[in-house]
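**Q** Before I ask anything, let me first share the structure, which is written out below as structure tokens.
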Amino acid sequence: MHNTKYLRTNSYESNHSQHSRSSSIFRVSSDENINNVVSPENVSDNVPLVVQKKLIKNKKDLLVIISMGLIFFVGQTANSVIAPFFTLEGVKKNVSVTTSGLVFTVYPLVVFILSPFIGKYMPLIGVKFLLIAGCFVEGTTEILFGFLGDIDDHLTFVSFCFLVRSFTAVGNAASSTAAIAILSHTFPDDMSTVFGALELFSGLGFMAGPAIGGFLYQYGAFKLPFLVTGSMVLAVVGAVLWVLPPERAYHDESYDKEKEKKIETGSLLRTISVPGIFVMAITCIFGSMVLGFLDPTITLHITSLNKNISPQQIGLIFLLPAGFYALSAPLVGYLTDKRFKARHVIVSGAFFVGIAYVLLGPSPLLWSFIPRKLYVVLIALGGLGLGISGFLVPVLSDMHQAGSKAGLSETMGTKTVISGIFNSCFSIGSVIGPTFGGFLTENFSFEWASTIFGFLLLVLGFFLLLFTVFDSRSRKSTRSIHSEASILNPNV
């Protein structure tokens with residue numbers, strides 16, 4: 001909770017040649033060391049003074065954003081470093097491709113299961129503690145995974161791969177959920193901007209991980225990629241310990257130091273039952289699916305359009321949507337906080353990615369108008385990267401807004417629960433996306449698979465539009481009822 005102060009401003013009213021002076025008091029939320037930017041042109045008769053907070057108020061805030069961004073960067077790098085070579089290593093040990101795929105899948109599944117519960121009990125355990133402990137577990141198990149290459153027995157190798165990978169996911173679930181909660185608490189009015197910046201770091205990690213993994217595997221075999229990325233995660237722990245304030249900074253004002261058991265945790269069931277939060281949770285799942293749908297399918301489609309394309313060129317095409325997403329996410333986040341409503345941006349993003357997927361095949365329904373050429377796929381992939389920014393970046397901010405409008409207490413407990421729900425939904429989407437994409441492509445074709453998924457996204461866009469309209473009307477009706485009740489009974 002923030003301290004409050006009052007600003008007394010003078011406004012001048014002119015009526016022909018006569019001038020009258022009036023003073024008004026405006027209540028603004030502020031913190032210690034916060035610089036408020038007041039725009040004089042926004043002052044007018046009977047209009048509240050617009051007070052804008054700077055996103056970064058001091059050097060400490062800047063360091064918090066950078067350190068949380070580094071956590072997302074090294075976490076995503078460590079997660080994706082395994083991609084270029086693990087299946088090849090598994091073949092040497094008689095591990096099937098399906099089993100290797102399950103080793104990849106167990107990571108987001110564990111994050112999906114644990115994140116909501118980590119978010120619920122984080123206020124009791126400690127936000128900063130879980131961030132540090134999560135990074136430590138993630139880094140050490142990442143290093144340990146590198147030594148599994150020395151195991152020759154097939155069953156032992158597979159068993160320890162699942163076990164160690166699961167513990168790495170436990171660490172990531174704790175650290176990423178805590179990082180989102182810390183940023184939600186530190187920058188409550190600029191959540192989309194900050195999350196957009198996080199996605200820049202995450203996107204860079206996603207792009208860097210496979211490249212680093214392939215390079216280190218070539219020169220240092222199975223062990224070296226994990227030793228390097230695990231050490232990167234542990235190195236970030238030191239920076240976070242220095243940058244973040246003490247644990248008490250993330251306690252609510254009502255926190256009782258003598259009776260620590262009074263710390264309130266958010267209600268997981270009540271939070272997810274809020275219609276706006278539930279709808280945004282579904283949106284988050286679809287947003288993550290958009291990113292993963294193409295993983296098992298796009299390569300074969302590209303080679304069918306150009307049989308002479310090289311693996312290096314395919315790798316660059318893979319980076320196209322991720323690159324556009326990473327670069328556009330901060331801008332979309334800023335515009336969402338400063339210019340547009342989060343829900344409107346999300347609805348626009350849903351339609352954008354739906355159209356991009358229909359064009360990606362392109363859809364057989366459009367073959368009379370659009371040629372089946374590689375340049376069409378490249379344009380659609382670029383548009384997909386831009387669209388997913390609008391579809392996904394404002395979701396966390398909208399979840400917090402929906403919770404506030406539904407009457408959820410704006411405590412650290414609520415923030416950590418919402419962070420856990422968001423992290424969980426994003427993780428399960430990354431499991432469903434590739435699975436759903438592979439299933440549709442195998443049973444139909446890539447062109448029809450992308451068409452079906454595109455139409456599903458368009459249907460979701462229409463549903464979000466209708467939900468937004470009815471939600472807005474419902475709130476207006478509620479405000480009208482309360483207004484009439486207060487007029488009839490001023491004591492209410």
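**Q** Scan segment 87-96 and tell me whether some residue there is open to solvent by less than 30 Å² (accessible area, probe 1.4 Å), outside any helix (DSSP H, G or I) and closer than 26 Å to TYR217 by Cα.
**A** The answer is yes; a qualifying residue exists.
**Q** Here is a follow-up. Please enumerate the residues belonging to segment 127-181 that are among the acidic types (Asp, Glu) and over 14 Å from ASN79 (Cα atoms).
**A** Listed by number, the residues that qualify are ASP150, ASP152, ASP153.
**Q** Another question about this same structure. Go through segment 454-472 and give me each residue that's open to solvent by less than 50 Å² (accessible area, probe 1.4 Å) and not hydroxyl-bearing (Ser, Thr, Tyr).
**A** GLY454, LEU457, LEU458, LEU460, GLY461, LEU464, PHE467, ASP471
Yes/no per residue for (1) within 23 Å of PRO108 (Cα to Cα); (2) open to solvent by less than 20 Å² (accessible area, probe 1.4 Å); (3) over 21 Å from the mean Cα position of the chain (by Cα):
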{"position": "GLY382", "(1), (2), (3)": "no, yes, no"}
{"position": "LEU396", "(1), (2), (3)": "yes, yes, no"}
{"position": "MET399", "(1), (2), (3)": "yes, yes, no"}
{"position": "SER404", "(1), (2), (3)": "no, no, no"}
{"position": "GLY407", "(1), (2), (3)": "no, no, yes"}
{"position": "GLU410", "(1), (2), (3)": "no, no, no"}
{"position": "GLY420", "(1), (2), (3)": "yes, yes, no"}
{"position": "SER430", "(1), (2), (3)": "yes, no, no"}
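**Q** Being over 21 Å from the mean Cα position of the chain (by Cα), of a type outside the set (Val, Ile, Thr) and part of a helix (DSSP H, G or I), is that true of even one residue in segment 103-117?
**A** Checked against the condition, which is being over 21 Å from the mean Cα position of the chain (by Cα), of a type outside the set (Val, Ile, Thr) and part of a helix (DSSP H, G or I), segment 103-117 yields no hits at all.
Table: residues versus (1) surrounded by 24 or more Cβ atoms within 10 Å (Cβ to Cβ); (2) over 20 Å from PHE453 (Cα atoms).
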site: ILE272; (1), (2): no, yes
site: GLY276; (1), (2): no, yes
site: ALA329; (1), (2): yes, yes
site: ILE355; (1), (2): no, no
site: TYR375; (1), (2): no, yes
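**Q** Which of the residues that make up segment 199-216 are modelled with pLDDT of 85 or more and touching a Leu at 6+ places or on another chain (Cβ under 8 Å)?
**A** LEU200, PHE201, LEU216 - these are the residues of segment 199-216 that are modelled with pLDDT of 85 or more and touching a Leu at 6+ places or on another chain (Cβ under 8 Å).
**Q** Sticking with this one: What about PRO188, is it crowded, with 17+ Cβ neighbours inside 10 Å, at pLDDT 85 or above and either in contact with a helix residue (DSSP H, G or I) (Cβ under 9 Å, 6 or more places away or on another chain) or closer than 23 Å to SER67 by Cβ (or both)?
**A** no
**Q** Right, here's the next one. Yes or no: THR468 at negative phi, hydroxyl-bearing (Ser, Thr, Tyr), touching a Ser or Thr at 6+ places or on another chain (Cβ under 8 Å) and at pLDDT 85 or above?
**A** Against the criterion (at negative phi, hydroxyl-bearing (Ser, Thr, Tyr), touching a Ser or Thr at 6+ places or on another chain (Cβ under 8 Å) and at pLDDT 85 or above), THR468 does not qualify.
**Q** Another question, then. With the condition kept exactly as written, say whether any residue in segment 316-325 is surrounded by 23 or more Cβ atoms within 10 Å (Cβ to Cβ), closer than 23 Å to PRO434 by Cβ and in contact with a helix residue (DSSP H, G or I) (Cβ under 9 Å, 6 or more places away or on another chain).
**A** Checked against the condition, which is being surrounded by 23 or more Cβ atoms within 10 Å (Cβ to Cβ), closer than 23 Å to PRO434 by Cβ and in contact with a helix residue (DSSP H, G or I) (Cβ under 9 Å, 6 or more places away or on another chain), segment 316-325 yields at least one hit.
**Q** Can you pull out the residues in segment 283-300 that are open to solvent by 10 Å² or more (accessible area, probe 1.4 Å) and in contact (Cβ under 8 Å) with a residue 24 or more places away in the chain?
**A** Once the filter is applied, which keeps residues that are open to solvent by 10 Å² or more (accessible area, probe 1.4 Å) and in contact (Cβ under 8 Å) with a residue 24 or more places away in the chain, segment 283-300 yields ILE285, PHE286, MET289, LEU291, LEU294, ASP295, PRO296, LEU300.
**Q** Are any residues in segment 118-149 open to solvent by less than 40 Å² (accessible area, probe 1.4 Å) and either within 17 Å of ILE421 (Cβ to Cβ) or not in a helix (DSSP H, G or I) (or both), and if so, which ones?
**A** The answer is ILE118, GLY119, MET122, PRO123, GLY126, VAL127, LEU130.
**Q** Given the conditions (1) open to solvent by 10 Å² or more (accessible area, probe 1.4 Å); (2) under 21 Å from LEU457 (Cα atoms), which single one is not true for ALA350?
**A** Checking ALA350 against (1) open to solvent by 10 Å² or more (accessible area, probe 1.4 Å); (2) under 21 Å from LEU457 (Cα atoms), the one that fails is (1).
The values are calculated or read from the model by the stated rules, or taken from the named source; none is laboratory data. Fair warning: this is a prediction, and the values are worked out from it, not measured in the lab. For neighbour counting, all protein chains shown are included, and Cβ atoms are generated from backbone atoms with ideal geometry for every residue, glycine included. Note: accessible area is taken over every heavy atom of the protein model, side chains too, but ligands, DNA and RNA are not part of it. Shrake-Rupley method; radii C 1.70, N 1.55, O 1.52, S 1.80 Å.
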